[in-house]
Amino acid sequence: MVLRVQSLTNIKTWETFNDHGHDDDNSLFSNGASRGCMYKSSYLPCNQHFRSRILDNWSAYNIDTVRVSVYLHGLEKQYVEFNGRGSNYLNWFSRDRIISSSWHDLRTEPQNYFSIKGDDETRWNIGRRFFINRNYGGCPHDRGWLIVLDEPDVCSWAGVRDYPVILYSKRSTNVYWNSGNDVGRADALIVTVKVRD
């Protein structure tokens, strides 16, 4: 595991992901985090994000594949697996590198965002990370697959009090973000890697 984004911690995702020099591999417990932050599907509580030193030394690890998964109650709900060969800590998260996904239309439908940094338009009060979005069309018509909301958002479908909020399509396709039952809220977004021997 190289990253665990824990929902409702009020700790920003992008700032944690991009915090070079910070790692929780050995110091997690001394930082006051709970044991559950160390595991993908743990039922133990977690009160912060987890960031591995691997993010700072990406090219030294011969990374083969990268998997992004959303978890709810300790169970993986959706995933995207990427080809990590020859990548850096940012560019592996792209449509061109998809190997497989539980969202069957991810390689065939257009996207206006496919980015870890996502959409961070400050004048509209937007902080959308790990953002895989099909299209904008005014808030009621926005469609996508995955989004981590780092702060309050201009769209009412995103509006909650504590952050981050991890939203995902519960279907095998993209969905309208305001479509209620088709949109899930995950407890955690987990990034894992496999390395070549």
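Across 70, 154, 175, mean-square fluctuation computed from a Gaussian network of the chain (C-alpha pairs under 10 Å connected) peaks at 154. Site pair residue 39 and residue 139 shows an inter-label distance of 3.9 nm when each label is modelled 7 Å from Cα along Cα→Cβ. The per residue volume of the convex hull around the alpha-carbon atoms of region 135-178 is 65 Å³. Here's the picture: charge each Lys and Arg Cβ at +1 and each Asp and Glu Cβ at -1 in region 37-142, and of 94, 106, 48 the one pushed furthest to the positive end of that dipole is 48.
At the residue level, residue 85 shows approximately 120 square angstrom of accessible surface with a 1.4 angstrom probe and all protein chains present. Listed as lacking a disulfide-compatible partner in the chain: no cysteine, by the criterion of no other cysteine Cβ under 4.7 Å. Within the listed set 135, 26, 18, the residue fluctuating most in the Gaussian network model of the chain (springs between alpha-carbon atoms under 10 angstrom) is 26. Figure note: 173, 16 ranked by solvent-accessible area, largest first, 1.4 Å probe, ligands and nucleic acids not counted: 173, 16.
Roll a 1.4 angstrom probe over the protein heavy atoms and tell me the percent of accessible area of the chain that is carbon or sulfur.
Numbers: 4270 of 9390 Å².
Of the solvent-accessible surface of the chain, carbon and sulfur hold 46 percent.
Pairs over the 18 Å Cα-Cα cut-off, from the set 117/170; 77/170; 12/77: 117/170; 12/77. Panel note: the C-alpha atoms of the chain, placed on their principal axes, show extents of 44, 35, 33 Å (largest first). Ranking 81, 76, 15 from most to least accessible surface, computed with a 1.4 Å probe over the protein chains only, gives 15, 76, 81.
Mean residue ellipticity at 222 nm from the helices of the chain, using -39,500 (n - 2.57) per DSSP H segment of n ≥ 4 over the full residue count, to the nearest 500 deg cm²/dmol? Don't jump to the answer; show the numbers that get you there.
Values: 1 runs with 5 residues, N = 197.
After summing the helix terms and dividing by the residues of the chain, the value is -500 deg cm²/dmol.
Partners of residue 194 within straight-line reach, counting aspartates and glutamates whose Cα lies under 20 Å from its Cα and excluding those fewer than 8 residues away in the same chain: 23, 24, 25, 56, 64, 76, 81, 96.
With +1 on the Cβ of every Lys and Arg and -1 on the Cβ of every Asp and Glu, and nothing else charged, how large is the dipole of the chain about its Cα centre, in debye rounded to the nearest 20?
Here the chain has a charge dipole of around 380 debye.
Each part reduced to its alpha carbon centroid, region 138-160 and region 72-116 end up 19 Å apart. Kirkwood's formula applied to the C-alpha pairs of region 101-197 gives a hydrodynamic radius of 13.8 angstrom.
The values are calculated or read from the model by the stated rules, or taken from the named source; none is laboratory data. Computed from a predicted structure; not experimentally measured. Note that each Cβ is placed from the backbone with ideal geometry, even for glycine, and that neighbours are counted across all protein chains shown. The area values use the complete protein model at the heavy-atom level, side chains included, leaving out ligands, DNA and RNA. Shrake-Rupley method; radii C 1.70, N 1.55, O 1.52, S 1.80 Å.
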